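Taking it in order: structure first as structure tokens, then the write-up.
The values are calculated or read from the model by the stated rules, or taken from the named source; none is laboratory data. Small disclaimer: the values here were computed from a predicted structure and weren't measured. Quick reminder, even Gly has a Cβ in these numbers, built from the backbone with ideal geometry, and neighbours come from all protein chains shown.
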Amino acid sequence: MKVIVCENYDEMSKRAAKIIAAQVTIKSDSVLGFATGSTPIGLYSELGRMYSEEEVDFSEVTTFNLDEYYPIKKSNEQSYDYFMRKNLFSKINVKDENIHLPNGEAEDPQKECEFYEKMIEKSGGIDLQVLGIGRNGHIGFNEPNSVLVPSTHLTKLTENTIKANSRFFDSFDDVPKQALTMGISTILNAKKIIILASGANKRKAVAELINGEINPKNPATMLKTHHDVTLFCDKEAFAGAKLGIDIGGTAIKFAVINNNEVVYKDSIKTEDTEEKIISSITEKVISLKKDYEITTVGIGTPGRIKEGKVTATNIPFKNTALQDIISEKTGLYVVVDNDANCAALGEIEFGSTKDCENIVLVTIGTGVGGGIIMNRQIARSNNNMGEIGHFVIQAKNGRICPCGQKGCWEQYCSMTALLKDALKAAKKDKESILYNNIEDGSLTGEAFFDAVQKGCPVAQKVFDDYIRYLAMGINSLVNIFGPDAIVLAGGVTKQGEKLLEPLKKLIVGDLRLEISTLQNDAGALGAAML
Ligand code: GLP
């Protein structure tokens, strides 16, 4: 199931409307399944707007509604027939003869149910079904039960539902106590399903839908057996803590975010086998689940990720189905993404660039990596996007890179490259402060910057070249992505203004260039927001 969390009800309605419009554009004679309840009203008014502005044409569409009270007159303002005509059918050009709802006036409800099923079958089946969700997890009027009825049937409403729906009637007693509803298989036979949930009173139902076991006591969880379900909900309905995990070569970081605030941070050692890493993460997640109402888990990991499976070089993951394994072991909804992508997301959600729409994060460490955020979302492709350390800045006699190219940015701007250059230069001038700072044949970052600080011309020359290379890459990133800001992270950025000041002089245009305030925390924070 795909989960799309929207800022508010309005955004949720508009995004869902786009899916329906796309469906009708792709297949003009689509068979659409519609729902009632207050939740889809915004969606229906958006579809009405789209039709009036000629963005979509429903003239060939056929519709089937999920359910209807029984018995009820179509003229009753509380009937779903009345509701649909008022909120949708009167606003779009769907033909009257193509509209179908279970008939609440039918004399023989059993016959009506059989007829309804046959009509759906005759239409070729539902292409796209819209659902709401009851507070107890009911869909249509399939109420929680130990056994769910597969096809369209007459059902008794639970007291819970009668109470919830009595807000539309004069009193509890006026609510019909029965309904005709598509069965669970009728719904699951739809080729595509979108389910909408809005508001805090749907929080429990949504949390169970995302994380609960498949259980007829919560009919919505049956949707987990369908291959094409998208849940659109607003932030209110989705609330609950989010856990972010950042797997690194030496440590695994954890962050819990509740209501946009970081409420917990910790890290554990990265074990040396796949099995041990997975069991240490599982153990931690299960213990955090007890303390926080965790709804989702995001995991950032190095390496390539395809459909939740990870293959990395520094971590013992080989086509490891991390997403499914952690989800299975913890019973939570888990998403996995590349660690640099997560860090970039962390920066735009919680860092100094949270006011931006588009940023590029450049992480400078053993290599040069990063993540690209466009319109506040991770920019993705089906390929290895965002390998920003591997564009060439030196065409002639470029340094060899393990990626197969020569002259990659990483070969000039990683911390490793800087220290390698520094060592080489120091060895050429044995009188220099830099040479003096060599210990056991190597230089540390501190030793290098100590020499710069003390005015060593050899170290300064290396640093000047480094800044030049760094600026080249940053200027290219600006030209390609046009970000609102570029954020730099990693050990070298500890130099703060000493790094930024000379760098800014070489940057073309008036780029907002910043040093990450989150640094190593960005990954876990971003993972939580996946
Ligand atoms: C009714 C309908 C359902 C709907 C549910 C939630 O009982 N039969 O299809 O999903 O209510 O309604 P609302 O969106 O008003 O919360």
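Here are the numbers for the structure shown:
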{"read-out": "Only listed residue being within 14 Å of the ligand (Cβ to nearest atom) and among the β-branched types (V, I, T), chosen from I210, I187, I214, I245", "value": "I187"}
{"read-out": "Segment 417-455, residues that are closer than 21 Å to I364 by Cβ, touching a residue at least 24 places away in the same chain (Cβ under 8 Å) and not in a helix (DSSP H, G or I)", "value": "L443, T444"}
{"read-out": "Criterion: away from the ligand (no atom under 12 Å from the Cβ) and under 17 Å from D67 (Cα atoms) - qualifying residue of S166, S171, S151, S146", "value": "S151"}
{"read-out": "Within segment 456-530, helices (runs of 4 or more DSSP H) holding 2 or more residues that are touching a residue at least 12 places away in the same chain (Cβ under 8 Å) and among the hydroxyl-bearing types (S, T, Y)", "value": "457-481"}
{"read-out": "Residues (modelled with pLDDT of 90 or more, over 30 Å from the mean Cα position of the chain (by Cα) and aliphatic (A, V, I, L, M)) located in segment 370-420", "value": "V392, I393, I400, M415, A417, L418, L419"}
{"read-out": "Test: residue in segment 30-42 that is away from the ligand (no atom under 16 Å from the Cβ), surrounded by 15 or more Cβ atoms within 10 Å (Cβ to Cβ) and either under 19 Å from D234 (Cβ atoms) or free of Cβ contacts under 8 Å to residues at least 60 places away in the same chain (or both)", "value": "no"}
{"read-out": "Residues of segment 190-201 satisfying the condition of being modelled with pLDDT under 90 and within 10 Å of the ligand (Cβ to nearest atom)", "value": "N201"}
{"read-out": "Residue in segment 291-314 that is without any contact (Cβ under 8 Å) to a residue 24 or more places away in the chain, among the polar types (S, T, N, Q) and in contact with a Gly (Cβ under 8 Å, 6 or more places away or on another chain) present", "value": "yes"}
{"read-out": "Sole exception among (1) modelled with pLDDT under 90; (2) buried (at least 18 other Cβ atoms within 10 Å of the Cβ); (3) hydroxyl-bearing (S, T, Y) for S146, by number", "value": "(2)"}
{"read-out": "Matching entry among G248, G303, G244 (being small (G, A, S) and within 26 Å of G212 (Cβ to Cβ))", "value": "G244"}
{"read-out": "Residue satisfying all of: in segment 203-223; in contact with an Asp or Glu (Cβ under 8 Å, 6 or more places away or on another chain) and not small (G, A, S); farthest from L157 (Cα to Cα) among these", "value": "R203"}
{"read-out": "Some residue of segment 45-53 being at pLDDT 95 or above, aliphatic (A, V, I, L, M) and in contact with a Phe, Trp or Tyr (Cβ under 7 Å, 6 or more places away or on another chain)", "value": "no"}
{"read-out": "Candidate set from segment 395-439 (those that are in contact with a Phe, Trp or Tyr (Cβ under 8 Å, 6 or more places away or on another chain) and farther than 29 Å from C342 by Cα); member that is surrounded by the most Cβ atoms within 10 Å (Cβ to Cβ)", "value": "L434"}
{"read-out": "Failed criterion for I299 (all others in (1) over 30 Å from G134 (Cα atoms); (2) assigned by TED's automatic domain parsing to the domain that holds G183 hold)", "value": "(2)"}
{"read-out": "Among residues of segment 82-95, those that are within 36 Å of the chain's Cα centre (by Cα) and outside any loop (DSSP other than H, G, I, E, B), counted", "value": "7"}
{"read-out": "Filter result (acidic (D, E), under 26 Å from G365 (Cβ atoms) and modelled with pLDDT of 95 or more) within segment 272-293", "value": "E274"}
{"read-out": "Single residue of V334, V368 found to be surrounded by 15 or more Cβ atoms within 10 Å (Cβ to Cβ) and within 25 Å of K265 (Cα to Cα)", "value": "V334"}
{"read-out": "Subset of segment 109-141 (residues that are at pLDDT below 95 and either more than 9 Å from the ligand (Cβ to nearest atom) or basic (K, R) (or both))", "value": "R135, N136, G137"}
